[in-house]
Amino acid sequence: ILLTTALIASGLLLAGCTATAATSASPATAQPTESVTATTAASDSDLAPQAVLAANADYTTVNPDEWSESDAVDVRLSGSTATSGASGVAISGSTVTVTEAGVYRLSGALQGQVVVAAPDDALVVLILDGVDISNGAGAAIDVQTADDVAIHLADGSSNTVSDAASTAADAEATAAVYAQTDLTISGTGSLAVTGNGNDGIASKDDLVILGGTITVTAVDDALRGKDALVVEGGTLNLTATGGDGMKSDGDDDEASADIDWTRGYIYVSGGTIDVEAGDDGLQAFTDTVIAG
């Protein structure tokens, strides 16, 4: 009886599946085999990647052709401070703050924090060209305000970022690389991120990865994009010891009457991804779509 039930259930779960199950009975009352056919309500076209994505909100990407590397101004990190001649860079102790739209090339080592606090309509691009940023008191890169922000990994560069082992209970930035805005990561360089306190790379809007060799080790989630988490390319090696490898939690307050069911999805259209997670490998609030 258990075998019959399992086979019928399989037919209900697989579109177009035909399950043939033998009825169970004692030898004295055995009956001929019976054919059972069941199909799901959804057709293949309903589950096509573009059809599923059409039910979700569009995601925001900052493509490399939307800005010019020749416009970059240098920000040189040096121990517990930095130097730059750019008007859009303010340096206070070990905190480097980008206050204006523009393209900024960061190089060197910093025991401190890089903050983006630009106008709400600003596009900010941070080119990481051989940086080592570690912060013992919070996020290493904290994007607070802007319209869109891109982190570009310079060709041939190796970059490392790590945050504090613990953060304040009321801290907004809860990842080594944290963004309140849409965040795009591009380029062909490498980036190693260690999330000692919580997540590795997180955005409260869309997190989009276009390229690069990205290695993330985090005590909670490795990658998290609240509205959407999109991977179009690159090589990702993700270790989430206590959380999810890739997560998009959307509006996870099910008690709310205003849940946005169009946000909170994962879309993978390219790249090479390896995930080791203490919880789920991929966790989405709405849909997980793998295509390409």
* Spin-label pair VAL73/GLU276, simplified geometry with 7 Å Cα→Cβ offset, distance in nm -> 4.3
* To do: Starting from 0 in steps of 10 Å, tell me what percent of the Cα-Cα pairs of the range 86-130 lands in each bin.
  => 28, 58, 14
* Asked: When Lys and Arg each count +1 and Asp and Glu each count -1, what net charge do the other residues less than 14 Å away from THR83, Cβ to Cβ, add up to?
  -> +1
* To do: Just add up the charged neighbours of ARG105: K/R +1, D/E -1, any other residue whose Cβ is under 11 Å from the Cβ of ARG105.
  => -3
* Asked: Taking every pair of alpha-carbon atoms in the range 175-225, what share in percent sits in each 5 Å bin, from 0 to the bin with the longest distance?
  -> 6, 23, 30, 27, 13, 1
* To do: Report the net charge of residues surrounding SER158, where surrounding means a beta-carbon distance below 12 angstrom and charges are Lys +1, Arg +1, Asp -1, Glu -1.
  => -3
* To do: Express the C-alpha Rg of the range 59-100 as a ratio against the empirical globular expectation 2.2 N^0.38 Å, rounded to two decimals.
  => 1.43
* trypsin sites (Lys or Arg not before Pro) within the range 207-292: which are DSSP loop residues with at most 11 other Cβ atoms inside 10 Å? -> none
* Asked: For the range 197-254, treating each Cα as an identical point scatterer without solvent, what Debye log10 I(q)/I(0) comes out at q = 0.16 1/Å?
  -> -0.44
* Dividing the convex hull volume of the alpha carbon atoms of the range 177-278 by its residue count, what do you get in Å³ per residue? -> 89
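Laboratory data are not the source of any read-out in this text; all were calculated from the coordinates shown. Values in this document were obtained by computation on a predicted structure and should not be read as measured data. Note that each Cβ is placed from the backbone with ideal geometry, even for glycine, and that neighbours are counted across all protein chains shown.
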